Amino acid sequence: QVQLEESGGGPVQVGGSLRLSCIFSGRTFGTFAMAWFRQAPGKERELVAAISWWNGNTIHYDDSVKGRFAISRDNAKNTVSLHMSSLKPGDTAVYYCAAVKAFYSTVDSEYEYWGQGTQVTVSS
(Lines give C-alpha, C1' and ligand atoms only; values in the text may rest on other atoms or scores of the structure.)
Protein backbone atom coordinates (compact mmCIF):
# COMPACT_ATOMS: atom_id res chain seq x y z
CA GLN A 1 0.00 0.00 0.00
CA VAL A 2 1.46 3.33 -1.06
CA GLN A 3 1.63 6.03 1.57
CA LEU A 4 2.51 9.66 0.98
CA GLU A 5 3.43 12.13 3.69
CA GLU A 6 3.88 15.82 2.95
CA SER A 7 5.78 18.31 5.04
CA GLY A 8 7.17 21.82 4.78
CA GLY A 9 4.05 23.94 4.58
CA GLY A 10 3.33 26.92 6.78
CA PRO A 11 2.93 30.68 6.77
CA VAL A 12 5.21 32.76 4.56
CA GLN A 13 5.36 36.36 3.47
CA VAL A 14 4.80 37.57 -0.07
CA GLY A 15 7.98 37.09 -2.05
CA GLY A 16 9.25 34.39 0.28
CA SER A 17 10.17 30.78 -0.35
CA LEU A 18 9.15 27.38 0.94
CA ARG A 19 10.20 23.84 0.17
CA LEU A 20 7.59 21.10 0.34
CA SER A 21 8.65 17.49 0.64
CA CYS A 22 6.72 14.27 0.19
CA ILE A 23 8.00 10.94 1.43
CA PHE A 24 6.77 7.89 -0.50
CA SER A 25 6.56 4.40 0.97
CA GLY A 26 5.07 1.02 0.20
CA ARG A 27 6.23 0.39 -3.36
CA THR A 28 9.19 1.07 -5.65
CA PHE A 29 9.25 4.84 -5.83
CA GLY A 30 10.99 5.01 -9.18
CA THR A 31 8.08 3.27 -10.92
CA PHE A 32 5.68 6.07 -10.05
CA ALA A 33 5.11 9.44 -11.66
CA MET A 34 4.63 12.11 -9.03
CA ALA A 35 2.85 15.42 -8.85
CA TRP A 36 1.90 18.30 -6.62
CA PHE A 37 -1.65 19.59 -6.68
CA ARG A 38 -3.21 22.40 -4.68
CA GLN A 39 -6.66 23.43 -3.62
CA ALA A 40 -7.56 26.90 -2.44
CA PRO A 41 -10.76 27.62 -0.48
CA GLY A 42 -13.77 27.60 -2.77
CA LYS A 43 -11.76 26.45 -5.78
CA GLU A 44 -11.21 23.16 -7.56
CA ARG A 45 -8.03 21.21 -7.06
CA GLU A 46 -5.44 22.06 -9.70
CA LEU A 47 -2.18 20.57 -10.89
CA VAL A 48 0.86 22.58 -9.88
CA ALA A 49 3.69 20.40 -11.19
CA ALA A 50 4.27 16.84 -12.36
CA ILE A 51 7.41 14.77 -12.86
CA SER A 52 7.88 11.51 -14.71
CA TRP A 53 9.06 8.27 -13.16
CA TRP A 54 12.64 7.12 -12.68
CA ASN A 55 14.91 9.89 -13.94
CA GLY A 56 12.21 12.57 -13.89
CA ASN A 57 13.22 13.98 -17.25
CA THR A 58 9.68 14.99 -18.18
CA ILE A 59 8.28 17.84 -16.11
CA HIS A 60 5.17 19.97 -16.36
CA TYR A 61 4.31 23.19 -14.58
CA ASP A 62 1.08 25.10 -14.48
CA ASP A 63 1.53 28.45 -16.18
CA SER A 64 0.83 30.24 -12.91
CA VAL A 65 3.98 28.83 -11.28
CA LYS A 66 6.43 28.60 -14.18
CA GLY A 67 9.72 30.22 -13.30
CA ARG A 68 8.85 30.31 -9.59
CA PHE A 69 8.37 26.66 -8.60
CA ALA A 70 10.62 23.67 -9.21
CA ILE A 71 9.71 20.00 -8.77
CA SER A 72 12.38 17.36 -8.24
CA ARG A 73 12.66 13.75 -7.14
CA ASP A 74 15.28 11.79 -5.24
CA ASN A 75 14.80 8.09 -5.84
CA ALA A 76 17.41 7.17 -3.25
CA LYS A 77 15.38 8.96 -0.58
CA ASN A 78 11.90 8.13 -1.96
CA THR A 79 11.13 11.82 -1.94
CA VAL A 80 9.57 14.35 -4.27
CA SER A 81 10.03 18.02 -3.50
CA LEU A 82 8.50 21.29 -4.58
CA HIS A 83 10.66 24.37 -4.17
CA MET A 84 8.47 27.46 -4.23
CA SER A 85 9.85 30.97 -4.53
CA SER A 86 8.50 34.47 -5.17
CA LEU A 87 5.33 33.36 -3.44
CA LYS A 88 2.13 35.29 -3.97
CA PRO A 89 -1.14 35.43 -2.02
CA GLY A 90 -2.70 33.45 -4.86
CA ASP A 91 -0.44 30.52 -3.99
CA THR A 92 -2.26 30.10 -0.69
CA ALA A 93 -3.77 26.61 -0.70
CA VAL A 94 -3.53 23.12 0.66
CA TYR A 95 -0.82 21.34 -1.33
CA TYR A 96 -1.15 17.64 -2.03
CA CYS A 97 1.42 15.14 -3.17
CA ALA A 98 0.11 12.44 -5.54
CA ALA A 99 1.45 9.31 -7.21
CA VAL A 100 0.49 7.13 -10.16
CA LYS A 101 2.13 3.95 -11.38
CA ALA A 102 2.83 5.25 -14.85
CA PHE A 103 5.50 7.06 -16.83
CA TYR A 104 3.87 10.45 -16.48
CA SER A 105 0.50 12.14 -16.10
CA THR A 106 -0.98 15.60 -15.82
CA VAL A 107 -4.50 14.30 -15.28
CA ASP A 108 -5.90 14.63 -11.78
CA SER A 109 -8.19 11.59 -12.08
CA GLU A 110 -5.31 9.31 -13.10
CA TYR A 111 -3.47 9.77 -9.82
CA GLU A 112 -4.04 6.79 -7.56
CA TYR A 113 -2.50 7.80 -4.28
CA TRP A 114 -2.73 11.05 -2.35
CA GLY A 115 -1.21 12.54 0.74
CA GLN A 116 -3.17 14.34 3.43
CA GLY A 117 -2.01 17.75 2.31
CA THR A 118 0.00 20.57 3.81
CA GLN A 119 -1.23 24.14 4.18
CA VAL A 120 0.67 27.00 2.59
CA THR A 121 -0.46 30.50 3.54
CA VAL A 122 1.09 33.53 1.82
CA SER A 123 0.42 36.91 3.35
CA SER A 124 1.75 40.44 3.08
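The values are calculated or read from the model by the stated rules, or taken from the named source; none is laboratory data. This is a predicted model, so every value here is computed, not measured. Virtual Cβ from ideal backbone geometry, glycine too; neighbours counted across all protein chains shown. Note: accessible area is taken over every heavy atom of the protein model, side chains too, but ligands, DNA and RNA are not part of it. Shrake-Rupley method; radii C 1.70, N 1.55, O 1.52, S 1.80 Å.
Among residues belonging to the stretch 80-98 that are surrounded by fewer than 17 Cβ atoms within 10 Å (Cβ to Cβ) and within 15 Å of the chain's Cα centre (by Cα), point out the one that is nearest to Ser7 (Cα to Cα).
His83
Select from the stretch 34-50 the residues that are of a type in the set (Gly, Ala, Ser) and open to solvent by less than 50 Å² (accessible area, probe 1.4 Å) and list them in ascending order.
Correct list: Ala35, Ala40, Ala49, Ala50.
Find the residue count for the stretch 99-121, including only residues that are farther than 14 Å from Ala35 by Cβ, part of a strand (DSSP E or B) and open to solvent by 10 Å² or more (accessible area, probe 1.4 Å).
3
Can you report the number of residues in the stretch 34-51 which are over 11 Å from the mean Cα position of the chain (by Cα) and at negative phi?
6
Which count do you get for residues in the stretch 3-24 that are part of a strand (DSSP E or B) and under 16 Å from the mean Cα position of the chain (by Cα)?
Residues that pass the stated criteria total 13.
For the stretch 38-67, give me each residue that is more than 15 Å from Gly90 (Cβ to Cβ) and hydrophobic (A, V, I, L, M, F, W, C).
Leu47, Ala49, Ala50, Ile51, Trp53, Trp54, Ile59
Hand me the list of strands (runs of 3 or more DSSP E) wholly inside the stretch 33-90 holding 1 or more residues that are among the aromatic types (Phe, Trp, Tyr), at pLDDT 95 or above and touching a strand residue (DSSP E or B) at 6+ places or on another chain (Cβ under 9 Å).
33-39, 59-61, 69-74
Can you report the number of residues in the stretch 5-33 which are closer than 18 Å to Ala50 by Cβ and open to solvent by less than 20 Å² (accessible area, probe 1.4 Å)?
Adding up the residues that qualify gives 7.
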